[in-house]
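Undergrad: Before I ask anything, let me first share the structure, which is written out below as structure tokens.
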Amino acid sequence: MKRYIAKRLLLLIPIMLGASMLSYSILYLAPGDPAELMLERQLQGVPTQEQIEAFKEEHGLNAPIPIQFANWLYRILHGDFGISLRTEKPVLTEYLNRFPASLVLFLMSQTLSIAIAIPLGIISAVKHNSEIDHLSRFVAMIGVSVPNFWLGLLLILFFAVYLGWLPAFGYGGFAHLILPALALGVSGCASIMRLMRASLLDVLNQDYIRTARAKGLCERAIIVKHALKNALIPVVTVIGLHIGHLISGMVIIETIFAWPGVGRFLVESIHARDFPVIQGFVLLIAMIFVFSNLIVDISYTYLDPRIRYE
Amino acid sequence: MLTKGKKIGIMLVCVIFLCSIMVGCIERKEQEGVTSASSQILTIGYGRDTNVESPKMMGFMPEMMVLERLIEYRDGKILPELASSWDIKDNGRTIIFHLRSGIKFSDGQPFTADDVKFTFERLKALKYYHWTEADRIDSIEVIDPHTIAFHYKEGKEGYIALTAFGEYHCSIMSPASVEPKGDVKGKIVNPIGTGPWKVAEYVKDQYTIFVPNELYRGEKPKLDKIIVKDIPDAETRVLALRSGDVDMIVDYYHGGSRYTPRNSLEPLKSAGFNVFKCEMPMTTVIVFNYHKKPWDDVRVRKAVNYAIDKEGVSALFDNWVAPAKHGLYGVKGPYIKESNVEEYPYDVNIARNLLEEAGYKELEADLILKGENPDEVKLGEFIQAQLKKAGINVKLDVLEGGAYNERRNKGDYDLRIYYIGGPERRSYTRTDGRFNPDAPEFKYGAYDDPELTRVLKIAVSSFNDSERRKAFKEFYQLLHDKAGVVPLYYDAVFIVANKKVRGVKYVSSEPRFTGVWIE
């Protein structure tokens, strides 16, 4: 296992290098001059050619792209993520300032998703083709189909405007967290629930479950002790992948709820072509993604002791 | 012994608990404003960060609330503010300002000519020439603590340079606002000005708290505190107002972006909110790629003008913006009322005839639009439908900002939507920047023509009022005759507030909060 983890950690290097190169290339292939876009936002007007040239000179944007990439990589290896062109603060500081807000939102939405989806998925599978199964599948279908920005606005309308129970936006106490976490968690909840149901149904049809039933075990013990662990493997994989989806979802939800997280800052930086921020954030997000996948893979060995990494 | 299910349940509860603790632990000193008559706190929803801390320039909102300018340009006149008077010497090559004495910054330091020099030296050092006209300045001379002279480069003098002292970024700030203190290239860390408000607290991307500046010499604010919350999403701002999370939503000061959706104004009014409208000399127009065929032909440009129903454009936004029927600007544009220009009426037959006269039965046109502004896309669809009737088939290209710029810069388009003018204080600089190819801001201007440029230069430069009046009238007429652009609607900025908020007032094109109180 230790060797496996070490191998996976070593793989981090080419993955992150690849992610950086890809994002660097996409950024440069994207239309528009970054210096012009940045200045346009700063000046609230079209910059002159002289201003554009001065900006490029100041921020080293005149060098050929491979040189710029090499310089950036060299600095990264020395722990320097660069300075934001927009705020002129270190990229790492900007990330760390916003990371707690995003982490809280992420944890809360994932917790809500799992807490609702897994029990519902189990009930749906155990009582499949019953009314409760139809209802939960219908709700799950809606949950998957509804775009989270639309759901976010509906939640605000209902809970903040009509009922007045929760704040409409902002970053503050626990009450501020509920609506964005719900908006973010619903689609994840729906997909986890559907997968949990399908996976458990699949497992419940297997021979060893029939054997367990033949032994006279009660249904509860069969599901909890014998079926659930095996059925959880694909669910855990999806939960791991959700981390990636949540990052993209958070971009929208953080904007709608004025949540000062990583996603909102990143999208503003993309619009402004704040290269150091985009590059740094992509690298850090890729790192989180790789680590979360590693944790998911390791969790398989706990769920199914037959799985061994050597 | 706990079962596994219970263990998982406990784990989930722990995560939720942990999230709550984390939320609580993350530093957050603020607030919980929202309408409180006893403490007089006003909470505003605003679409942008106020940028109170900035490596370069702060946002327009704090510039208007915390700082003041040497002069104000209002109702077509230059009015004294921090400067009590000024002298124009050497045909405009030198402007000498006489500053008011006894004025103090909010930190207690006296306001002097050195602070004025610092502000303008900073603009020059950072090359902030847009609408500040600071590039025209040759040198700045402090004559005495209350007198300062601006010497202009040869050929760069003019009335426009005087009006530019009322520009947002020409607001005077104390050298203590930046770090390192007094460094013209320093970062703004805490704006210190002479205006009615000062910044008490700022958390980037979240909120800014303004409190009254006790040393302000004018009308004292009635409010104890203003909390400006950054809510980038327009729909959320509207819902936050409806839910009572904010008392008021304010359009971005400059207008043109981050505003309350026009189609939300009527429902808000019906729901009992007060809507305050301020018309500004800002007009949304169609710009032609006028160096390219067939748009270099005045008959084709006129055809487009005739083919668009301006009333229909206004109806798109529930008539909250006025149709552009009387010249380039609706209100407050320099001498616009006296110009008596009437825009082309809606007449598809004339449009078709003009196209035929120019040798075109049918035309294809690419209209580039910025996708980030839904109103621009809506307008584009309307234009497409209108021009179709006249025989012009418009292809809409809805583009991301960078892609839009690339197409515009290459001249790879036929039509685009643009805005002319802005807040009243920018009347001269913006008109010049859009139609004078020699202006540094022109680059991708709206339209130019040698005759038009000649007249415009006189209009914005002359220190003689009647000469300016004559030239502006001629400029508006020429622009109309040449159908340089298609004025669509006269823009406005809005404030929507709940009924408890009283005393809301626009002065020139910006809201002022000194007279506001909570009932």
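Undergrad: Among the residues of segment A:37-78, which ones are aliphatic (A, V, I, L, M) and either touching a residue at least 24 places away in the same chain (Cβ under 8 Å) or away from chain B (no Cβ under 11 Å) (or both)? Show your work before the answer.
TA: Of all residues in segment A:37-78, those aliphatic (A, V, I, L, M) come to A:37-39, A:43, A:46, A:52, A:54, A:61, A:63, A:65, A:67, A:70, A:73, A:76-77.
Within segment A:37-78, A:L37, A:M38, A:L61, A:A63, A:I65, A:I67, A:A70, A:L73, A:I76, A:L77 qualify.
Undergrad: Checking the structure you have, find out if any residue of segment A:99-112 is surrounded by 17 or more Cβ atoms within 10 Å (Cβ to Cβ), more than 8 Å from chain B (Cβ to nearest Cβ), of a type in the set (G, A, S) and within 18 Å of A:L283 (Cα to Cα).
TA: Yes: segment A:99-112 contains one or more residues that are surrounded by 17 or more Cβ atoms within 10 Å (Cβ to Cβ), more than 8 Å from chain B (Cβ to nearest Cβ), of a type in the set (G, A, S) and within 18 Å of A:L283 (Cα to Cα).
Undergrad: While we're on this one: Does B:A164 qualify as being modelled with pLDDT of 95 or more, of a type outside the set (F, W, Y), surrounded by fewer than 23 Cβ atoms within 10 Å (Cβ to Cβ) and not in a loop (DSSP other than H, G, I, E, B)? Step through it out loud before you land on a result.
TA: On the way: modelled with pLDDT of 95 or more: yes; of a type outside the set (F, W, Y): yes; surrounded by fewer than 23 Cβ atoms within 10 Å (Cβ to Cβ): no; not in a loop (DSSP other than H, G, I, E, B): yes.
Answer is no for this residue.
Undergrad: Another question about this same structure. Counting just the residues of segment B:171-202 that are surrounded by 20 or more Cβ atoms within 10 Å (Cβ to Cβ) and within 14 Å of chain A (Cβ to nearest Cβ), which one comes out farthest from B:P62 (Cα to Cα)?
TA: B:V178
Conditions tested, residue by residue: (1) within 10 Å of chain B (Cβ to nearest Cβ); (2) surrounded by fewer than 24 Cβ atoms within 10 Å (Cβ to Cβ); (3) over 25 Å from the mean Cα position of the chain (by Cα).
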residue	(1), (2), (3)
A:K127	no, yes, yes
A:E131	no, yes, yes
A:H134	no, yes, yes
A:V139	no, yes, no
A:A181	yes, no, no
A:L184	no, no, no
A:I192	no, no, no
A:D207	no, yes, yes
A:C218	no, yes, yes
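Undergrad: So, one more: If I filter segment B:246-266 down to residues being within 12 Å of another protein chain (Cβ to nearest Cβ) and β-branched (V, I, T), which single residue comes out as surrounded by the most Cβ atoms within 10 Å (Cβ to Cβ)?
TA: B:V246
Undergrad: Within segment B:167-204, count every residue that is part of a helix (DSSP H, G or I) and closer than 23 Å to B:F513 by Cα.
TA: Kept after step one, since they are part of a helix (DSSP H, G or I), are these residues of segment B:167-204: B:168-170, B:175-177.
Then drop every residue that is not closer than 23 Å to B:F513 by Cα, which leaves B:168-170, B:177.
Qualifying residue count, segment B:167-204: 4.
Undergrad: Identify, please: which residue in segment A:22-36 is more than 14 Å from chain B (Cβ to nearest Cβ) and loosely packed, with under 14 Cβ neighbours inside 10 Å and is, among those, modelled with the lowest pLDDT? I'd like the intermediate steps shown before the answer.
TA: If we filter segment A:22-36 for residues that are more than 14 Å from chain B (Cβ to nearest Cβ), which is where we start, we get A:22-25.
Add one more test, that the residue is loosely packed, with under 14 Cβ neighbours inside 10 Å, and what stays is A:22, A:25.
On the way: A:L22: 84, A:S25: 80.
That would be A:S25.
Undergrad: Just checking, which of B:A315, B:A303 is more than 14 Å from every other protein chain (Cβ to nearest Cβ), closer than 30 Å to B:V485 by Cα, at pLDDT 95 or above and surrounded by fewer than 20 Cβ atoms within 10 Å (Cβ to Cβ)? Can you show your working first?
TA: Working: B:A303 fails: surrounded by fewer than 20 Cβ atoms within 10 Å (Cβ to Cβ).
Testing whether each residue is more than 14 Å from every other protein chain (Cβ to nearest Cβ), closer than 30 Å to B:V485 by Cα, at pLDDT 95 or above and surrounded by fewer than 20 Cβ atoms within 10 Å (Cβ to Cβ) leaves just B:A315.
Undergrad: Please return the ranges of helices (runs of 4 or more DSSP H) entirely within segment B:346-425 where 2 or more residues are away from chain A (no Cβ under 12 Å).
TA: On the way: elements: B:348-357, B:374-389, B:401-410.
In segment B:346-425, B:348-357, B:374-389 are the helices (runs of 4 or more DSSP H) which contain 2 or more residues that are away from chain A (no Cβ under 12 Å).
Undergrad: Also, quick follow-up: Which of the following residues is away from every other protein chain (no Cβ under 14 Å) and either aliphatic (A, V, I, L, M) or surrounded by 19 or more Cβ atoms within 10 Å (Cβ to Cβ) (or both): A:I285, A:I270, A:I278, A:I252?
TA: Values: A:I270 fails: away from every other protein chain (no Cβ under 14 Å); A:I278 fails: away from every other protein chain (no Cβ under 14 Å); A:I252 fails: away from every other protein chain (no Cβ under 14 Å).
Of the residues listed, the single one that is away from every other protein chain (no Cβ under 14 Å) and either aliphatic (A, V, I, L, M) or surrounded by 19 or more Cβ atoms within 10 Å (Cβ to Cβ) (or both) is A:I285.
Undergrad: Given the conditions (1) in contact with a strand residue (DSSP E or B) (Cβ under 8 Å, 6 or more places away or on another chain); (2) of a type in the set (A, V, I, L, M); (3) away from chain B (no Cβ under 14 Å), and given that A:A258 satisfies all but one, which numbered condition is not satisfied?
TA: Only one criterion is unmet by A:A258, namely (3).
Undergrad: A further question follows. At least 1 residues that are under 23 Å from B:E53 (Cα atoms) in each: list the helices (runs of 4 or more DSSP H) lying fully within segment A:1-120 that qualify. Give the steps one after another, and end with the answer.
TA: Numbers: elements: A:2-29, A:34-43, A:49-58, A:65-77.
Passing ranges, in order: A:34-43, A:49-58.
Undergrad: Take segment B:313-363 and flag every residue that is touching a strand residue (DSSP E or B) at 6+ places or on another chain (Cβ under 8 Å) and of a type in the set (G, A, S).
TA: B:S314, B:A322, B:A324, B:G327, B:G330, B:G333
Undergrad: Here's another thing I want to ask about it. So, in segment B:498-519, exactly how many residues are assigned to a strand (DSSP E or B) and in contact with an Asp or Glu (Cβ under 6 Å, 6 or more places away or on another chain)? It would help to see each step written out before you state the result.
TA: Start the filter on segment B:498-519 by keeping residues that are assigned to a strand (DSSP E or B), which leaves B:501-502, B:505-507, B:510-512, B:517-518.
Those still in the list that are in contact with an Asp or Glu (Cβ under 6 Å, 6 or more places away or on another chain) too: B:501-502.
Selection size over segment B:498-519: 2.
Undergrad: Let me ask another. Count, please, the residues in segment A:250-302 that happen to be within 21 Å of A:A183 (Cβ to Cβ) and not hydrophobic (A, V, I, L, M, F, W, C).
TA: So the count comes out to 7.
Undergrad: Let me ask something additional. Can you name the residue in segment B:231-245 that is crowded, with 23+ Cβ neighbours inside 10 Å and within 20 Å of B:P62 (Cα to Cα) and, of all such residues, is farthest from the other protein chains (Cβ to nearest Cβ)?
TA: So the residue we want is B:R237.
Undergrad: Here is a follow-up. The conditions are (1) at pLDDT below 90; (2) in a loop (DSSP other than H, G, I, E, B); (3) under 21 Å from B:T431 (Cα atoms); (4) of a type outside the set (K, R), and B:E338 fails exactly one of them. Which is it?
TA: So B:E338 meets the others, but not (2).
Undergrad: Can you name the residue in segment A:80-98 that is among the hydroxyl-bearing types (S, T, Y) and touching a residue at least 40 places away in the same chain (Cβ under 8 Å) and is also surrounded by the most Cβ atoms within 10 Å (Cβ to Cβ) among such residues?
TA: Taking segment A:80-98 first, the residues among the hydroxyl-bearing types (S, T, Y) are A:84, A:87, A:93, A:95.
If we keep only those that are touching a residue at least 40 places away in the same chain (Cβ under 8 Å) as well, we get A:84, A:95.
Values: A:S84: 23, A:Y95: 21.
Only one residue tops the list, namely A:S84.
The values are calculated or read from the model by the stated rules, or taken from the named source; none is laboratory data. What you see is a predicted model, and the numbers here were worked out from it, not measured in a lab. As a convention, Cβ positions derive from the backbone with ideal geometry for all residues, glycine included, and neighbour counts pool all protein chains shown.
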